[in-house]
Amino acid sequence: MSNEGVLALAKEVGDDWKQHAYYDEVEGLIPAAWEKLIWPMIGACDFSTTVDLAAGHGRNTEYLLPLARRLHVVDINPENIDVCRRRFEGRDSKISYVVNDGTSLAGVPTGSVTLVYSFDAMVHFDSDVVRAYLREFARVLAPDAHAFIHHSNYTANPTGRWMDNPSIRNFMSKDLFAHYAHKEGLRVLSQQVLTWDGIAELDCLTLLRKPNPLGDVRGTYTKRDGMLFVLAGAHESATVTLERPGTVSVNAHAHEWCGRLVVRQGARVLATFEVHDPQPRSKLCVFEAEAGEVVFHAEDRGGGRGEAWVRGLDVRWRKP
């Protein structure tokens, strides 16, 4: 679909939510939702720079404001942004108000956001609009940052109008959302299917993470297409530096000629992984490391198999 077509779909939904009575009707429901549904999924996230997407009249903003150092309040409707301005007048020094086009986060700097948040809004968005926003999340999120999204899980009427569906849900599913997120370079950490308005499995909460790849590799190693580095024997090694403590995930290439991948920090062995396998495949290896240099070696596990191939490294920083 053309960009103009996606913008038109966003506007169609957005026009239905100008100064809607629903905002007042559900204001009193957010405390229970925050306690039982939202906080258990996002409590460990970094709220430093947060985007409140499709903020409406600010009922979610009330909860995000005390947690954030910088808060972007975003809505397609200027009328809703005006309500938020009045609501948070006198306590909005860390808020920036953004009227967007319903598909993008123009004005939010690339790589600057630690959490994108949207609750009880994206359930109505067309799937093409959802995909466009996921692309924007990948742009604005910093490495190792998160997005928490409440979206539709309704698939019973794929060719119909969203206004005719239960609770005016648009067509989307848990799996399709995860597929789109993967296509845009985001990783699904967790998904929770919800009953909403008494309808089982109508909605889904998804927590996404933008990978934090380590690409600044030093050392003597072999370069091969599709690999971050290949250790062709005990004489080669690869070194990366961690800014702070974290959990490192290694996407290794298991193959019959691979041997043993050994990870060290100083004199200490952090982890040892067998990457020999009769069938070529990806293998996820995970270990904990402190700040400083981390060195990768390959060891022969017998039979002359002394190589280790690494496709990529991803770090989740440990919370202080």
Taking 0.36 nm per residue of separation and subtracting the Cα-Cα distance, what length does fully extending residue 290 through residue 222 add? 21.9 nm
With only alpha-carbon atoms counted, please give the Rg and Dmax of the chain, in Å. 22.9, 73
Can you work out the FRET efficiency for the pair residue 155 and residue 112, with r the C-beta to C-beta distance and R0 = 35 Å, to the nearest 0.05? 0.50
Residue 22 versus residue 94, label points 7 Å from Cα toward the beta carbon: distance in nm? 3.0
Using DSSP to call loops (not H, G, I, E or B), can you name the trypsin sites (Lys or Arg not before Pro) in region 218-320 whose Cβ has at most 16 other Cβ atoms within 10 angstrom? 223, 224, 301, 318
What FRET efficiency comes out for residue 316 versus residue 175 if R0 is 35 angstrom and r is the Cβ-Cβ distance? Round to the nearest 0.05. 0.90
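Just to confirm, what accessible area per residue do you get for region 1-95 at 1.4 Å probe, in whole Å²?
Values: 4720 Å² over 95 residues.
Heavy-atom accessible area per residue stands at 50 Å².
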Net charge around residue 94, counting only other residues with Cβ within less than 13 Å of its Cβ (Lys, Arg = +1; Asp, Glu = -1)? +1
With every protein chain left in place and a probe of 1.4 Å, what is the accessible surface of residue 65, to the nearest 10 Å²? 10
Where in region 39-82 does the label zone of residue 15 land, with the point 7 angstrom along Cα→C-beta and an amide N cut-off under 19 Å? 75-81
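Could you tell me what percent of the accessible area of region 1-89 is made up of carbon and sulfur, with a 1.4 Å probe and every protein chain present?
Numbers: 2250 of 4300 Å².
Its accessible area is 52 percent carbon and sulfur atoms.
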Degrees separating the helix 78-87 axis from the principal Cα axis of the chain, which is the longest one: 90
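The values are calculated or read from the model by the stated rules, or taken from the named source; none is laboratory data. Since we're looking at a predicted model, the values are computed, not measured. No Cβ is skipped: glycine too gets one built from the backbone with ideal geometry, and neighbour counts run over all protein chains shown. When the accessible area is computed, the model is the full protein with side chains, heavy atoms only, and any ligands, DNA or RNA have been set aside. Shrake-Rupley method; radii C 1.70, N 1.55, O 1.52, S 1.80 Å.
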